[in-house]
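Rule-based calculations on the coordinates, nothing more; no lab input. Here the structure is a predicted model, which is why all the values come from computation and not from measurement. Don't worry about glycine lacking a Cβ; one is built from the backbone with ideal geometry, like all the others, and counts go over all protein chains shown.
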Amino acid sequence: MRMVVENGHVVDPATGFTGVRPVYIEHGLISDGFEEQPDRIIDATGLAVFPGLIDAHCHLREPGHEYREDIVSGTKSAAKGGFTTVACMPNTVPVCDHAALVRFIKEKSAKEGYARVLPIGALSKEQKGLELAEIGLMAAEGIVAVSDDGRPVERADIMRKGMLYANHFGLTVISHCEDLSLAEGGHMNEGLWSTTLGLRGIPTVSESMMVARECLLSEYLELPVHIAHVSTRASVDLIRAAKARGVQVSAETCPHYFTLTDQACQGFDTNAKMNPPLRAQEDVDAIIKGLQDGTIDMIATDHAPHHSDEKDLEFGLANNGIVGFETALALGYTFLVRTGFLTLPQWLATMTTNPAKLLQPDLGTLTPGRPADLVLVDLENPFIFDRDAMLSKARNTPFHGWELYGQVQLTICDGRVTYE
């Protein structure tokens with residue numbers, strides 16, 4: 001199928017191009033152009049045209065928790081949010097720690113999905129942190145990284161072995177940094193608001209201690225490591241210092257860590273309960289500074305859908321996590337670009353070219369010959385975010401009713417319209 005997107009303001013951080021030009025799509029790839037009549041002409045007047053967004057960290061819940069989300073509903077939600085590629089974490093039931101399950105995820109998403117799904121395999125068997133999973137066999141089936149996300153790898157020797165073995169297959173370890181001896185039993189950030197609400201707190205040092213360990217291991221082994229969902233000032237400082245020494249560390253944060261503080265837990269709102277927890281204003285400021293200077297490489301959603309029965313109960317009993325596919329683009333544009341913290345190309349790189357470098361380098365650009373992944377966005381007109389209009393099965397979001405800018409109008413993945 002041949003399509004042409006005309007009159008849109010194209011922004012491609014990979015090439016540095018910003019301006020109005022047509023984008024040609026032929027046989028699922030970006031094209032230099034064609035003489036034949038296109039099957040469809042899309043008029044993007046007044047809209048921005050971006051490479052399809054890439055999410056380096058999400059939870060699709062299939063297999064095992066399909067009542068929360070599944071591959072179809074999750075990728076529909078992703079497409080509505082402008083994502084054309086999502087990397088799903090392995091903490092499913094059973095855990096994605098073997099080749100057969102990787103194959104299932106790849107095959108189902110290829111047949112029924114609305115976005116490209118890149119599986120991340122478990123680093124350890126059953127994510128117990130005791131022995132390595134079948135990394136080589138999973139690599140042969142197409143995993144793009146390994147992680148025990150949802151739990152930290154508590155033993156440094158297992159993390160060391162995992163980094164060495166994963167590197168043999170060209171894979172990076174994504175680390176969930178949390179010292180459970182400090183964090184376990186906590187429900188929100190330790191500070192003024194945990195004291196006010198009478199809830200057990202999780203100290204920021206529980207994250208930053210593990211960030212320090214991973215940076216030191218990466219430096220010692222001279223191997224890459226990626227830090228998931230960075231939320232604290234100390235973590236940003238540690239990563240910045242490690243990068244200055246030449247350590248091969250990369251990092252991500254999530255929209256909720258630069259838009260919300262732990263005050264959002266006021267009233268015991270379980271939609272503000274997540275792991276890592278929402279932090280204090282000084283941490284939010286540090287996250288934004290880390291995005292500005294490149295210490296934090298990318299913005300991921302950590303899309304974590306839950307059934308209402310798992311959220312609508314006492315704060316201490318509620319599950320951690322929020323959905324993120326359908327708010328990430330708008331939150332980033334509204335709170336980072338419109339505020340002047342980041343330029344449009346600088347912000348867009350955190351959701352396209354930078355995650356592509358970690359996961360699949362041929363993605364995240366509108367260069368001819370690359371997969372035809374793009375999103376058309378209205379950046380000028382505000383909209384009110386409505387959780388009841390989401391395509392996800394879940395509704396656990398703290399952003400209901402917020403006025404945002406950056407509403408997705410159309411998403412194309414591999415030359416196929418996946419949301420309109």
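Relative to the longest principal axis of the chain, what angle (0 to 90°, nearest 10) does the C-alpha long axis of helix 233-244 take?
Taking Cα atoms only, the helix is inclined about 70 degrees.
Positive end of the dipole of segment 263-380, charges at C-beta (+1 Lys, Arg; -1 Asp, Glu), about the Cα centre: which of THR327, ILE287, HIS303 has its Cα farthest in that direction?
Of the listed residues, the answer is ILE287.
Please sort by residue number the trypsin sites (Lys or Arg not before Pro) in segment 220-300 whose DSSP state is loop and whose Cβ has at most 12 other Cβ atoms within 10 Å. Walk me through the numbers on the way to the answer.
On the way: sites: ARG233, ARG240, LYS243, ARG245, LYS273, ARG279, LYS289; in loops: ARG245, LYS273, ARG279.
Listed in order of number, the matching sites are ARG245.
What angle do you read, to the nearest 10 degrees and between 0 and 90, between the alpha-carbon axis of helix 71-80 and the longest principal axis of the chain?
So the helix axis and the longest Cα principal axis differ by about 60 degrees.
In segment 5-80, which GluC sites (Glu not before Pro) fall in coil by DSSP and have 11 or fewer other Cβ atoms within 10 Å?
Details: sites: GLU6, GLU26, GLU35, GLU36, GLU66, GLU69; in loops: GLU35, GLU36, GLU66, GLU69.
In loop regions of segment 5-80 (DSSP not H, G, I, E or B), the sparsely surrounded GluC sites (Glu not before Pro) are GLU35, GLU36.
Can you spot the lysines whose alpha carbon is less than 25 Å from LYS111's alpha carbon? Ignore those fewer than 8 places along the same chain.
Within the straight-line cut-off, LYS111 pairs with LYS76, LYS80, LYS393.
Considering only GLY136, GLN263, GLY185, whose Cα is most displaced toward the positive end of the charge dipole of segment 52-364, charges sitting on Cβ of Lys, Arg (+1) and Asp, Glu (-1)?
GLY136
Go through 216-223, 133-140 and give me the packing order, highest mean Cβ count within 10 Å leading.
Values: 216-223: 16.0, 133-140: 19.1.
Per-residue mean Cβ counts within 10 Å order the peptides as 133-140, 216-223.
If you put +1 on each Lys and Arg Cβ and -1 on each Asp and Glu Cβ, how big is the dipole of the chain around its Cα centre, in Debye rounded to 20? Could you put the intermediate results ahead of the total?
Numbers: 35 positive and 56 negative charges, 81 e Å.
It works out to roughly 380 debye.
Given LYS128/LYS311; LYS108/LYS311; LYS128/LYS289, which pairs have Cα atoms separated by over 31 Å?
Details: LYS128/LYS311 26 Å; LYS108/LYS311 29 Å; LYS128/LYS289 35 Å.
LYS128/LYS289, as the Cα separations exceed 31 Å there.
Through the Karplus equation 6.51 cos²θ - 1.76 cosθ + 1.60, θ set to phi - 60°, convert the phi angles of segment 163-176 into ³J(HN,Hα) values in whole Hz; use x for Gly and Pro.
5, 5, 6, 4, 4, 4, 9, x, 10, 9, 7, 9, 9, 7
Under a 5 Å amide H to amide H cut-off, with H placed in plane at 1.01 Å, what residues pair with LEU29 once short-range neighbours are removed?
Result for LEU29 returns ALA372.
Rounded to the nearest Å, what's the spacing between the alpha carbon centres of segment 110-142 and segment 270-302? Just the number, please.
Segment 110-142 and segment 270-302 have Cα centres spaced 26 Å from each other.
Rounded to the nearest 500 deg cm²/dmol, what is the calculated helix-only ellipticity per residue at 222 nm for the chain, with -39500 (n - 2.57) per DSSP H run of length n ≥ 4?
On the way: 13 runs with 118 residues, N = 420.
Using -39500 (n - 2.57) per qualifying helix, the result is -8000 deg cm²/dmol.
Counting other Cβ atoms within 10 Å of each Cβ, which GluC sites (Glu not before Pro) in segment 235-320 have at most 14 and sit in a DSSP loop? Working shown, then result.
Working: sites: GLU252, GLU282, GLU310, GLU314; in loops: GLU314.
For GluC sites (Glu not before Pro) across segment 235-320 that sit outside H, G, I, E and B with at most 14 neighbouring Cβ atoms in 10 Å, the list reads GLU314.
Convex hull over the Cα atoms of segment 35-118, averaged projected area in nm²? Write down the numbers at each step before the final one.
Values: hull surface 30.0 nm².
Averaged projected hull area, Cα only: 7.5 nm².
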